[in-house]
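Please read the structure below before turning to the comments.
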Amino acid sequence: MVALERYRILLAMFMLILVPAYPQALGADSVDLTVTNVFWGATATMPITAHPGDSDVPLLIVVTNAGDATAWNVNGTLVLSYPFSYTYTSDGKIFHASRVNASAGVLFPGYSFTFRYLLSIDSGAKDGVYRLSLLLSYKTYADITVTASRSVDVPIWSGDIRVQRFMSLPLKIYPGDTQVNLKIWVVNSGTATAKDVNLLLVLTPNFKPSSSGSVAVFLGTMPPGQVSEANFYIDIDESTPSGTHKLLLAVSSGLNSNATMSSISLYVSEKAKFEVVAVGPGEVFAGDYGTVVRVTLRNVSNVTGESVRVQLKTGNFFSGTTTDYLGTISASENKAATFMLDIDSKANSGRCYMDLRVEWTQDDKSFDQTSSIGLQVSQRPLSIIYGAIVTAVVLVLIGVFSLRKRRRSVQKI
């Protein structure tokens with residue numbers, strides 16, 4: 001490049017010497033400066049794509065002298081408009097210019113010159129081709145200054161990231177599930193490379209991230225046509241109703257702060273739900289053994305629970321048979337679990353609460369739920385009287401035996 005510039009300078013000096021004697025050698029007709037190429041980058045063989053939000057990107061404009069006369073002191077002024085800008089610093093201050101100048105020197109017939117401008121692009125720019133004006137000024141052999149305006153079409157392209165498909169692992173998900181893996185595939189369907197691609201899964205109140213950062217994925221650079229996989233991990237609240245839920249995927253790239261939103265339809269399956277509808281008997285007594293307690297469950301869901309097993313988690317004053325197997329409970333069906341409890345005589349009177357754990361299978365997956373039931377514990381009213389009578393009888397018998405023993409001892413004397 002340096003050698004070429006030197007050659008052109010020497011050639012221009014030679015032509016300056018030659019022109020007075022042989023003006024016809026340079027052509028005496030007209031100058032025709034034409035824009036023959038426009039591209040971003042350093043060279044025409046390796047152009048680059050400019051994106052919204054890029055800064056200080058070189059825009060190269062090739063101007064060719066298609067006439068038969070030489071153009072002297074050629075200058076190119078690029079008139080800028082949105083979304084392009086040129087920023088420079090002077091004395092520590094930042095300035096913005098609406099026009100950018102570049103000089104080409106002498107342009108002989110048939111020769112070309114590449115003007116180079118460093119431009120920045122607004123981050124909110126839309127894809128497309130923008131038309132700018134290039135003002136070309138030059139002097140003719142007769143030292144006449146000529147100004148010509150040329151249109152320059154400048155392209156801006158960006159990637160277009162779209163959701164290609166998605167799935168959940170496991171395939172069927174239910175309320176209360178945790179660490180659900182949402183796999184989302186996105187494709188760059190645009191005409192340019194998308195840089196700094198970020199994905200953010202926007203959740204509704206029924207869903208939450210499984211861990212910090214589990215709903216954000218950085219994909220980096222995506223060339224046109226590339227498909228990338230992103231993995232998100234979420235927890236589903238136990239109270240989430242079954243059915244289709246809409247989540248949003250926010251996609252941003254480069255310096256563009258305006259993210260595009262895509263809808264993700266996530267189906268949450270219904271699982272069986274059991275409610276306690278009756279507990280009997282209404283009262284149990286401290287000190288009793290083999291007390292039969294029945295807890296009636298109702299399946300209040302629209303699906304069937306299979307292999308239903310019920311466990312009563314008792315406190316320190318209860319023991320005995322605390323589990324029961326109920327088998328299949330269909331939707332809206334009632335079934336009673338039976339427990340045989342021994343109640344410690346030291347159990348306090350009053351309402352005693354204990355957990356009732358229900359376990360079942362559904363679609364080859366295990367589920368459980370825990371609810372609370374209460375038993376009214378009482379002391380039998382006659383137990384105190386019976387205890388006092390027994391104590392009195394024992395004392396009387398002890399007194400009788402003692403008296404007889406003393407009489408026998410007296411008679412022997």
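Read-outs throughout are calculated quantities, based only on the coordinates presented, and are distinct from any laboratory measurement. Remember, it's a predicted structure, so these values are computed and weren't measured experimentally. Here the Cβ is made from the backbone with ideal geometry for all residues, glycine too, and neighbour counts use every protein chain on show.
Comparing Trp40, Trp157, Trp72, which has the greatest mean-square fluctuation in the GNM of the chain with Cα pairs linked when under 10 Å apart? Looking only at Trp40, Trp157, Trp72, the biggest GNM fluctuation is shown by Trp72.
Please return the longest stretch of the chain lacking exposed loop sites, where trypsin sites (Lys or Arg not before Pro) count only if DSSP places them in a loop and at most 14 other Cβ atoms lie within 10 Å. Don't skip to the answer; put the middle values down first.
Values: sites that count: Lys126, Lys172, Lys346.
Result for the longest clean stretch: 173-345.
My understanding is that a pair violates if its Cα-Cα distance is over 26 Å; which of Lys126/Lys183; Lys172/Lys313; Lys93/Lys139; Lys313/Lys346 do that in this structure? Over 26 Å apart, Cα to Cα: Lys126/Lys183; Lys172/Lys313; Lys93/Lys139.
Annotation: amide H of Asp160 within the under-5 Å range of Ser189, Gly190, Thr191, Ala192, sequence separation 5 or more or interchain, hydrogens built in the peptide plane.
This model, with +1 at the C-beta of Lys and Arg and -1 at the C-beta of Asp and Glu, gives region 161-268 a dipole about its Cα centre of some 300 debye. The amide H of Cys352, built 1.01 Å from its N in the peptide plane, has Leu375, Gln376, Val377 as neighbours under 5 Å, considering only residues 5 or more places off or on other chains.
Taking 16 Å as the straight-line reach from the Cα of Lys273, the lysines in range (excluding those fewer than 8 positions away in the same chain) are Lys335, Lys365. The angle between the Cα long axis of helix 2-18 and the main principal axis of the chain comes to about 20°, on a 0 to 90 degree scale. Once both axes come from the Cα atoms, what is the angle between helix 383-412 and the longest principal axis of the chain, in degrees from 0 to 90, rounded to 10? The helix 383-412 is inclined about 40 degrees to the chain. Using the Cα centre of region 161-268 as origin and beta-carbon charges of +1 (Lys, Arg) and -1 (Asp, Glu), tell me which of Ala259, Pro224, Gly213 is placed farthest towards the positive end of the dipole. It is Pro224, whose Cα lies furthest towards the positive end.
At 4 °C and 1.567 mPa s, what whole-number value in µm²/s does Stokes-Einstein give for the translational diffusion of the chain, with Rh from the Kirkwood sum over Cα pairs? D, rounded to a whole number, is 42 µm²/s.
List the chymotrypsin sites (Phe, Trp or Tyr not before Pro) in region 229-314 that DSSP assigns to loop (not H, G, I, E or B) and whose Cβ has at most 13 other Cβ atoms within 10 Å. Which are they? Walk me through the numbers on the way to the answer.
On the way: sites: Phe232, Tyr233, Tyr267, Phe274, Phe285, Tyr289; in loops: Tyr289.
Sparse-neighbourhood loop chymotrypsin sites (Phe, Trp or Tyr not before Pro): Tyr289.
Around the amide H of Ile173, modelled in the peptide plane, lie the amide H atoms of Ser269, all under 5 Å away and 5 or more residues distant in sequence or on another chain.
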